[in-house]
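**Q** I am attaching a structure below and will ask some questions about it afterwards.
The values are calculated or read from the model by the stated rules, or taken from the named source; none is laboratory data. Source: prediction; values computed, not measured. We place every Cβ from the backbone using ideal geometry, glycine too, and count neighbours over all the protein chains shown. Surface accessibility is based on the protein's heavy atoms, side chains included, excluding ligands, DNA and RNA. Shrake-Rupley method; radii C 1.70, N 1.55, O 1.52, S 1.80 Å.
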Amino acid sequence: MAFDNGVADFRSDTVTRPTLAMRKAMAEAEVGDDVYGEDPEINRLQDEAAAIVAKEAALFVASGTMANQIAVGAHTRIGDEVLVARGAHVRQWEASAAQANSGVAIREVDAPAGAIDLDQLGGYLNQRADDHVGVYRLVSLENTFNGSLVPLDHMARAISIARDAGASVHLDGARLFNAAVAAGVEPSEVAAGTDTVAFCFSKGLGAPVGSVICGPSETIREARRIRKRLGGGMRQAGVLAAAARVALAGWRRLEEDHVLASNLALALRDVPGVGDIAQVDSNMVIIEQEHFPVDISRFLTELEAQGILCGKLSSTTMRIVCHQDVDSHDVERLVGVVRALVD
Ligand SMILES: Cc1ncc(COP(=O)(O)O)c(C=O)c1O
């Protein structure tokens, strides 16, 4: 259902608002000083998060960006290079934090729909003995990637190539649970073989704030120090962890978002003039201008006038994201606007 003011916001799943159950849990949360490790709600959340991805330990942090940046800091030394899929969040949308905070360079590897080119990956990693390049000490994967599921067997091959070359592997699983739903597996299977995995409570899972980084106990101890260095030590943040625990327990609900996105893509494909819409694996529908009969900027303005917001990834690419705060009625309204403009 759209927000109380009638706005249907499809720009991102980050716009989701805490549910009543989350608000109640927040009000009742048992808290303590987490910098002393004494917030019971955070400790419970960290245990649950580590368990669900089958890692030894976890650390609650402010955001997905902070989780990724802590991972980069924990796995690398100044001067190292990090290998990522082209367009990865950690490279493109984190304000050069890896360079600024950890002193590393980032090398992008071609990655159609987020699936990193394995030959290129191996090629870079084989340069490790060459003094002309920084040491590739970390490979950072991302799943889902712009809504696409990176096949798990592909991830496994990338991980094995990284391992053989002695590099660590981090998974930016901001939408790890969407990947699990899309692949029809448990979250631990998506994270299998990685050293660390980060995921967000504040996207499709609907919590107001927070992410987590999970991995071996020793790495998470180091992660705590890096979080402190970044100014991310939190005190009575159990009120946030309480909402995150409700979010985590409800991860299977994401299936509904995937069905909604897939129905939206089906309905759009029926509109005259709409061409190829990329396969919908999870909760995002990505539309390129060349396949859309109306100028994307004009369409977004028209939608906005009718209380519907969609995202613009570039001047030629639109993104429509389904989540708990939109429903099939909002999807019908959206499709109705396209139809009216095409007629
Ligand atoms: C794949 C991915 N990683 C990391 C992040 C960062 O999360 P946050 O906005 O909580 O910093 C995002 C945010 O949208 C994301 O899409």
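**Q** Set Lys and Arg Cβ to +1 and Asp and Glu Cβ to -1, take the dipole of the chain about its Cα centre, and tell me which of A174, I308, M26 lies farthest positive.
**A** M26
**Q** So, with +1 on the Cβ of K and R and -1 on the Cβ of D and E, and no other charges, what is the size of the charge dipole of the stretch 1-84 about its Cα centre, to the nearest 20 debye?
**A** Roughly 340 debye, rounded to the nearest 20.
**Q** Sequence neighbours fewer than 8 away in the same chain don't count; with that in mind, list the lysines whose C-alpha is under 30 Å from K24.
**A** Qualifying lysines at Cα under 30 Å: K55, K203, K228.
**Q** Size of the dipole of the stretch 185-329 about the Cα centre, Lys and Arg at +1 and Asp and Glu at -1 on the beta carbon, nothing else charged, in debye to 20?
**A** Dipole size: approximately 1140 debye.
**Q** A further question follows. Given the alpha-carbon gyration tensor of the stretch 95-181, what are the semi-axes of its equivalent ellipsoid in whole angstrom, ordered largest first, with each equal to the square root of 5 times an eigenvalue?
**A** Working through the eigenvalues yields semi-axes of 23, 16, 11 Å.
**Q** Rounded to the nearest 20 Debye, what is the dipole magnitude of the chain about its Cα centre when Lys and Arg each give +1 and Asp and Glu each give -1 at the C-beta?
**A** Rounded to the nearest 20 debye, it is 740 debye.
**Q** Another question, then. K312: accessible area at probe 1.4 Å, nearest 10 Å²?
**A** 100
**Q** Running a GNM on the chain with Cα contacts under 10 Å, which residue among A244, A95, A29 ends up with the highest mean-square fluctuation?
**A** Judging by the Gaussian network model, the answer is A95.
**Q** With each run of n ≥ 4 DSSP H residues scored as -39500 (n - 2.57), what mean residue ellipticity at 222 nm is computed for the chain after dividing by its residue count and rounding to the nearest 500 deg cm²/dmol?
**A** So the calculated ellipticity at 222 nm is -12000 deg cm²/dmol.
**Q** Still on this structure, I have one more. With everything on Cα atoms, drop me the angle between helix 296-305 and the longest principal axis of the chain, reported from 0 to 90° to the nearest 10.
**A** For 296-305 against the chain, the angle is about 70 degrees.
**Q** Could you sort R229, R44, R333, R252 by accessible area so the largest value comes first, with the probe set to 1.4 Å?
**A** These residues rank, largest area first, as R229, R252, R44, R333.
**Q** In percent, how large is the relative contact order of the chain, given Cα pairs closer than 8 Å and 6 or more residues apart?
**A** Computed value for the chain: 26 percent relative contact order.
**Q** Per-residue accessible area for D80 at 1.4 Å probe radius, Å² rounded to 10?
**A** Per-residue accessible area (D80): approximately 10 Å².
**Q** Specify which residue in the list A50, A62, L121 is farthest towards the positive end of the charge dipole of the stretch 1-132, using unit charges on the beta carbon of Lys, Arg (+1) and Asp, Glu (-1), about the Cα centre.
**A** L121
**Q** Heavy-atom accessible area per residue, the stretch 31-249, 1.4 Å probe: how many Å²?
**A** Each residue of the stretch 31-249 exposes 38 Å² on average to a 1.4 Å probe.
**Q** Sorted by accessible area with a 1.4 angstrom probe, largest first, how do R225, R319 fall?
**A** Result of the area sort, largest leading: R225, R319.
**Q** Another question about this same structure. On the accessible surface of the chain, probed at 1.4 Å, how many percent belong to carbon and sulfur atoms?
**A** 48
**Q** Can you give me the Rg/Rh ratio for the stretch 196-325, using Cα atoms for both radii and the Kirkwood formula for Rh?
**A** Radius of gyration relative to Kirkwood radius: 1.10.
**Q** Sticking with this one: Compactness ratio of the stretch 1-104: Cα Rg over 2.2 N^0.38 Å, N = residue count?
**A** So the stretch 1-104 has a normalised radius of gyration of 1.38.
**Q** Here's a follow-up. With just the Cα atoms of the chain, tell me how far they stretch along each of the three principal axes, in Å, largest first.
**A** Result for the chain: principal-axis Cα extents of 60, 53, 34 Å.
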